[in-house]
Each structure stands twice: as C-alpha cells, then as structure tokens.
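Asks: The structure that follows is given in the form of structure tokens.
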There are 2 protein chains.
Amino acid sequence: MKHNFYAGPAILSKKVLTKASEAAINFNNSGLSILEISHRSKDFVEVMEKAEALVCELLQISDDYKVLFLTGGASSQFYMTAMNLLNENEKAGYVDTGAWSTKAIKEANLFGKAEVTASSKDKNYSYIPKDYSVDPDYKYLHITSNNTIFGTQYASFPDIDVPMIGDMSSDIFSRSFDHRKFDVIYAGAQKNLGPAGVSLVIVKKNILGRVQREIPSMLNYQTHIDKNSSFNTPPVFPIYVSMLSLEWLKDFGGIPAIAQRNEEKANLIYKAIDDSPLFECPVSKEDRSKMNVVFMPTKEGIDDAFLKMAESANCIGIIGHRSVGGYRASIYNAMPTESVKVLADVINEFSQIHG
Amino acid sequence: MKHNFYAGPAILSKKVLTKASEAAINFNNSGLSILEISHRSKDFVEVMEKAEALVCELLQISDDYKVLFLTGGASSQFYMTAMNLLNENEKAGYVDTGAWSTKAIKEANLFGKAEVTASSKDKNYSYIPKDYSVDPDYKYLHITSNNTIFGTQYASFPDIDVPMIGDMSSDIFSRSFDHRKFDVIYAGAQKNLGPAGVSLVIVKKNILGRVQREIPSMLNYQTHIDKNSSFNTPPVFPIYVSMLSLEWLKDFGGIPAIAQRNEEKANLIYKAIDDSPLFECPVSKEDRSKMNVVFMPTKEGIDDAFLKMAESANCIGIIGHRSVGGYRASIYNAMPTESVKVLADVINEFSQIHG
C-alpha cells in the first residue's frame, strides 16, 4: 500500500475511489457511465442536490448562504471574488501569507485596490500575522486559512468589522469553524473534497449585486445561485466524487470526528520532527498546519538518503515545494493515522541511524 | 446494452470507460488513483503532452497554433474569446444559428460590439445562413459549426477575409476540416472528446496581445500557452479521459475513418425518418447535422408511444430539446452503427404499426 503525501491533487478515501471507479462503468445501475450521462438527468440532479445538502449539514451552513460547485480551482476564485465584490474605486485588504495570497492580491488588483493589510513575508511566511488593524473602508478582508507551501494555518479566525473572504482550499472540512465570520468561502476541491476540476464556493446571498461592472454570466455568482450550479454543464464527475467524499466524511462522524483524527495525526508527525536532531519545523508552533507539515533538514547532505528511506517505506510525495525546499507531508482528511505512523517511524528510524 | 443518444454529456467508447474506471483505482500501475496524483507528477505531465500531441496529429494542427486544455466548458469560451480578441471600440460578427450562438453574442457584447452578421432565426434556425457579406472591419467572425438543439451543421466553412472563430463543441473530431481557416477553435469536451469539465481550445499564437484591457491570468490565453495548460491545477481526470478518447479515435483510424462511419450512421437514421409518414426532419437537407438528428412527429399524439417503444429497445435520451420539442438522436463519434440501426428499426417498426 502506497502512503500518498501529495500536497494536491491529494489522497482520497479508498471507498470513494472504489465507488468512483464503479460509477465510471455503471452509475446507479443505469447501465451507463457517470461520464456519459446528461447533467439534466434525474440521477445527476440528485447528486448535485446531495452534494450541496451534505456541505450544509457538515458545516452547518445557514439559509442566508448558498453553496455552489463551480468549474475551475481556487485560481478562478482569486479574480471572481474581486470581480463580484469590489468596485474599481474601492479597496479591500489581503493578509499575505505566501504564494496563494500573493496570487489572489494580483488578480484582485485588476478590479479594485487590493491592499496588503499584514504580511509574514519578513520571516519567509513562517507564521500567521496577528494584531493588525483593518481599515473600516475595506469592502472585505481576504485571508488564506491554510498555506500548503509554507505549512502555516490560522488556529482561529480574526474578529473584524468588515466582511471576510476565506480561501480554504486546503483545510475546509478539516475542523469546525463558524462560517458566519465569512461572506465568501471558497475551496478548490483537490485537497479535502474531491478531484481537481471543481471548486466549492459558499456565498452569503445578500452581499451580491452592488458592484457596477458588467460581469460575464459564467463569472457572476448570482447566475450560479439562480441556476443551482447548473447554468451550463457543470464538471459532472468531479462533483460526483466530491459528493462521495462528503458521504464518506459524514459516515466517518463528520467534522468533529475528522478534526480529532487530524489533530492526532498532526501531533504524531510534529512530535517525530521535534524529537529528531536531524529535522526541524520552520513554522511558529501556534501556527503549524495540521494539513501540510513542512520540515527541514538541520544539516546538509541528508536529502537523498531520507527521501530514499521514505520511498522504500512506500511514502510518496514528501519532497518540499520548490520555493521552500526541505520536506512536506500533506496529511489531509482521507489519510489514515496508520500512514502518518509509517512516516513518523521513518523519521525516527532515520534519525537513529544518521543522528 | 443501453444505446445512449444523449446530446451531451454524451456517449464514450466502452474501451475508454473501462480504462478510466481502472485508472480511478490504479493509474499506470502506480498504486495510486488518477484522482489523487499531483498534476506535476511525471505520469500526468505525460498525459497532458500526449493529449496535446494526439489533437495535433488527428487534426494535423500546424506549429503556429497552440492546443490548450482549459477548465470549464464552451460557456467559458463565449466570453474568453471576446475578452482576448476584441477591444471595447471594435466590432466582431456573429452568425446566429440558435441558442449557443445567442449566448456567445450576449457575452461578447460585454467586451466590444458583437454584431449579428446573419441569422436563421426567421425559420426557427432550420438552416445555416449562407451568402452574407462580412464587414472587413470585423476583428473576427464567430460561427457555431454544429447546433445541437436545432440539428443543423455547416457542411463546409465560409471563405472570408477576416479571422474566424469556431465553436466546434459538438462536432470537432467528427470530420476533416482545414483548421487554418480559423484563428480560434474551441470545444467543450463532453460530446466527441471526453467528460464534462474541460474544453479544448486551439489558438493561433500570433493573434494574441493586441487587446488593451487587463485580463485576469486565468482568462488570458497567453498564460495557458506559456504554461502548457498547467498554470494552475488543471482538471486532471477530464483531461485524462479526453486523452483516452483521442487514443481510441486514433486506433479507430483517425478522422477519415470516423467521418465515414458518421456519414453512414447519419444516412441510416435520416433515411428511416424520410421514409416514414409519421416523422419529418425540419432541417434543410444540405444543412442536416451528422451529430444531432432532430425529427418531429407529423401528427399529434404519438409522442409517448414512440418514446415508449424506443425505451423498450434500450434507446435513451431521444427526447427533443425543450425549446424545440419532438425528438433528437445524438449520434456522436463513440456511437456504434449498431445502436443507430436499433433506433432506425424502431422508427421503421413504429411507422409500420402506427402509419
């Protein structure tokens, strides 16, 4: 068995994969593949409705929000959020916690004034900025809840007086949080939700309609709210697998159960790193990500040997992002504790041999 | 065996579905699913390269064009084409052949002046307009090569003096054509290419860079040309299945072989309709689509009985689009001649019983 530590697209539950594989041949005993059925067919409309209902149930989304499944990943939301919420002469604040925030800022600046409200760039994004003041004129503050590349995560979300937008691509469904703190939440599916090709977007309905620009139909959140995410042909299969994944999460015990396991998994691996003289985690303890564990060698020349030992234990995808180096173990919802134990054991063993 | 006459998402070859199903469990003997691997992994980069190479080979695309696989369907290209090619003070021509053209015109008008150059609205879109003059000031002329709802198709493409954009969502890969007549060709995958969630876009490289507006990175063709369709996480699985489908088409004998079979299939079913006193095709003979066969009852009250007989012969998806009524049989590339024969037999038998 392979232990899949890829940062994304990332591990999905075996049960989900088995069902997805079956549906690619024979979906709902229809004699047809999920890949070749109409998105207007009763069977698929049920999938879409179920996926939306499961999101609402798992995150306890209130009625004043709408859950959407939109084509594309978070990169499409970088501009869609600003396009839908920010007039040209208005400003919004962005908390800069690394690569993804930087991209979001760049795209938002095409539509209004995106200001960097706070940044952890001074220490190579190794912490989450806190204690900053938020301009009351901001139309919104944008944050990135978890940062896959630098291994940081908001332990809690700020209390502010302007609307907040959260890019939760890499930690949605991993823990409980109050969605009412946010006006828009978005997440590319390919971490805790499903395969690449679809994004979950949760929009507070009453925030729309106040920007003056004309927005192409496909880029207007209102279009998709009005048409229940089926204005055009949606990405059928990515939505189906996301639905399976949400079912799996519900069966697992929902957010409280998965949050507890995520905590245990993170503790296991951070302990192995902290106990080792050969590795260190560059992230402030209170901001360590429970999804992406970034760790660095403390001396030179161990890179290859460690990766080789990890690989021989069937641990794959643990090389660090090219902009950071070192190692990264992504331990999303679908990763079993057993796989994390295997990697922790590799770290322990490697440290005993080479330490 | 079900005979899948859905208009889209639509039938895919059984071989493609079997391989897709296998890869959802174990891709390339990696021990991992195609749904959970990195888009930067060697295995997937090869898929993307192969998909692009197969498009170039099958359509004999020349080097001055770039083949892209972009997130979303044709609805996203309706605005992206205009956004990338039309300045606000410039005009483009659109040939209006029904619902899809109308949507393309609406979105283009947000970016420049989209003029209706010719239209077949006068006869409920039952023919393809010809013999119109094209304003030499147009930055481009946009046509929809095949019209799924009204069952019309360009038998040949116009010779004009301005660049041409072709929405070929529903007939690309179905027949030979000279891509050099077009500056942009786009096609949502979910007819002749793959499952929903990705579009094929073929762009003449030297036409870009002349519009003045700032374009979000994700919506700029140049971004995706520079990054080989991997600027962000692409829709991995829809691209993989598209690649399988292109392999299948190559094995089938490529465009000449499939075009011949498409001709045979279309002849079979149009003959059954023409021979029947109970049905008629509302489309001008020379403009009949070889992909979507639209036919109407010639007298009232046969709707249910015909659909029931078709269903009992395992023919599904033949109800006409709600805006047109009647019946529609979509007979895309992956549909075997045998399935078309089954439906032709149903038409013949029904006509004998009720005619």
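Asks: Step by step: first the residues of region A:229-254, then only those that are crowded, with 22+ Cβ neighbours inside 10 Å and more than 14 Å from chain B (Cβ to nearest Cβ), then the one that is nearest to residue A:51 (Cα to Cα). Which residue is that? Before the answer, list the steps.
Replies: Here is the first cut: in region A:229-254, the ones crowded, with 22+ Cβ neighbours inside 10 Å are A:229, A:233-246, A:249.
Among the residues that remain, those that are also more than 14 Å from chain B (Cβ to nearest Cβ) are: A:246, A:249.
Working: A:246: 7, A:249: 12 Å.
Here the answer is A:246.
Quick grid of which residues meet (1) at positive phi; (2) buried (at least 21 other Cβ atoms within 10 Å of the Cβ); (3) in contact with a Gly (Cβ under 9 Å, 6 or more places away or on another chain); (4) not in a loop (DSSP other than H, G, I, E, B):
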site: A:35; (1), (2), (3), (4): no, yes, yes, yes
site: A:46; (1), (2), (3), (4): no, no, no, yes
site: A:55; (1), (2), (3), (4): no, yes, no, yes
site: A:58; (1), (2), (3), (4): no, no, yes, yes
site: A:63; (1), (2), (3), (4): no, no, no, no
site: A:69; (1), (2), (3), (4): no, yes, no, yes
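Asks: Would it be correct to say that residue A:137 is more than 20 Å from residue A:323 (Cα to Cα), of a type in the set (D, E, K, R) and surrounded by 24 or more Cβ atoms within 10 Å (Cβ to Cβ)? Steps first, answer last, please.
Replies: Working: more than 20 Å from residue A:323 (Cα to Cα): yes; of a type in the set (D, E, K, R): yes; surrounded by 24 or more Cβ atoms within 10 Å (Cβ to Cβ): no.
Here the answer is no, as residue A:137 does not meet what is asked.
Asks: Related question: Which of (1) in a loop (DSSP other than H, G, I, E, B); (2) surrounded by fewer than 17 Cβ atoms within 10 Å (Cβ to Cβ) does residue A:211 not meet, given it meets every other one?
Replies: (2)
Asks: Please go through region A:258-310 and pick out each residue that is part of a loop (DSSP other than H, G, I, E, B), out of contact with any Leu (no Cβ under 8 Å at 6 or more places or on another chain) and surrounded by fewer than 13 Cβ atoms within 10 Å (Cβ to Cβ). Before the answer, list the steps.
Replies: Pass one, region A:258-310, residues part of a loop (DSSP other than H, G, I, E, B): A:276-278, A:281-284, A:289-291, A:298-302.
Those left that are additionally out of contact with any Leu (no Cβ under 8 Å at 6 or more places or on another chain): A:276-278, A:281-284, A:289-291, A:300-301.
Matches in region A:258-310: A:277, A:300, A:301.
Asks: May I ask you to verify whether residue A:82 is in the same structural domain as residue A:179 (by TED's automatic domain parsing) and assigned to a strand (DSSP E or B)? Walk me through how you get there before you give the answer.
Replies: Working: in the same structural domain as residue A:179 (by TED's automatic domain parsing): yes; assigned to a strand (DSSP E or B): no.
Judged against the criteria, residue A:82 is not a match.
Asks: I want to confirm something. Restricting to region B:16-26 and keeping residues that are facing another protein chain (nearest Cβ under 7 Å) and part of a loop (DSSP other than H, G, I, E, B), which single residue is surrounded by the most Cβ atoms within 10 Å (Cβ to Cβ)?
Replies: B:24
Asks: Going by what's in this entry, would residue B:231 be described as free of Cβ contacts under 8 Å to residues at least 60 places away in the same chain, in a loop (DSSP other than H, G, I, E, B) and aromatic (Phe, Trp, Tyr)?
Replies: On the way: free of Cβ contacts under 8 Å to residues at least 60 places away in the same chain: yes; in a loop (DSSP other than H, G, I, E, B): yes; aromatic (Phe, Trp, Tyr): yes.
Judged against the criteria, residue B:231 is a match.
Asks: Taking the condition among the β-branched types (Val, Ile, Thr) and either at the interface with another protein chain (Cβ under 10 Å from one of its Cβ atoms) or assigned to a helix (DSSP H, G or I) (or both), does residue A:202 pass?
Replies: no
Asks: Considering only region B:136-145, I want to know if a residue exists there that is out of contact with any helix residue (DSSP H, G or I) (no Cβ under 6 Å at 6 or more places or on another chain) and among the polar types (S, T, N, Q).
Replies: yes
Asks: Identify, by number, the condition in (1) crowded, with 17+ Cβ neighbours inside 10 Å; (2) in contact (Cβ under 8 Å) with a residue 12 or more places away in the chain that residue B:216 doesn't meet.
Replies: Against the list (1) crowded, with 17+ Cβ neighbours inside 10 Å; (2) in contact (Cβ under 8 Å) with a residue 12 or more places away in the chain, residue B:216 comes up short only on (2).
Asks: Only one of these is in contact with a strand residue (DSSP E or B) (Cβ under 7 Å, 6 or more places away or on another chain), among the polar types (S, T, N, Q) and facing chain A (nearest Cβ under 10 Å): B:76, B:13, B:30, B:41. Name it. Working first, answer last.
Replies: Details: B:13 fails: in contact with a strand residue (DSSP E or B) (Cβ under 7 Å, 6 or more places away or on another chain); B:30 fails: in contact with a strand residue (DSSP E or B) (Cβ under 7 Å, 6 or more places away or on another chain); B:41 fails: in contact with a strand residue (DSSP E or B) (Cβ under 7 Å, 6 or more places away or on another chain).
Every option except B:76 fails the conditions.
Asks: I want to confirm something. Restricting to region B:79-92 and keeping residues that are crowded, with 24+ Cβ neighbours inside 10 Å and out of contact with any helix residue (DSSP H, G or I) (no Cβ under 6 Å at 6 or more places or on another chain), which single residue is nearest to the other protein chains (Cβ to nearest Cβ)?
Replies: Among residues in region B:79-92 that are crowded, with 24+ Cβ neighbours inside 10 Å and out of contact with any helix residue (DSSP H, G or I) (no Cβ under 6 Å at 6 or more places or on another chain), the one nearest to the other protein chains (Cβ to nearest Cβ) is B:81.
Asks: What's the number of the condition residue A:196 fails, among (1) surrounded by 20 or more Cβ atoms within 10 Å (Cβ to Cβ); (2) outside any loop (DSSP other than H, G, I, E, B)?
Replies: Here residue A:196 meets the rest and fails (2).
Asks: Hey, could you check region B:317-355 for residues that are among the β-branched types (Val, Ile, Thr) and free of Cβ contacts under 8 Å to residues at least 24 places away in the same chain and say which is surrounded by the most Cβ atoms within 10 Å (Cβ to Cβ)?
Replies: As a first pass, look at region B:317-355 and keep what is among the β-branched types (Val, Ile, Thr): B:318-319, B:324, B:331, B:337, B:340, B:342, B:346-347, B:353.
If we keep only those that are free of Cβ contacts under 8 Å to residues at least 24 places away in the same chain as well, we get B:319, B:353.
Details: B:319: 15, B:353: 10.
In this case the residue turns out to be B:319.
The values are calculated or read from the model by the stated rules, or taken from the named source; none is laboratory data. None of the values given here were measured: they were computed from a predicted structure. Quick reminder, even Gly has a Cβ in these numbers, built from the backbone with ideal geometry, and neighbours come from all protein chains shown.
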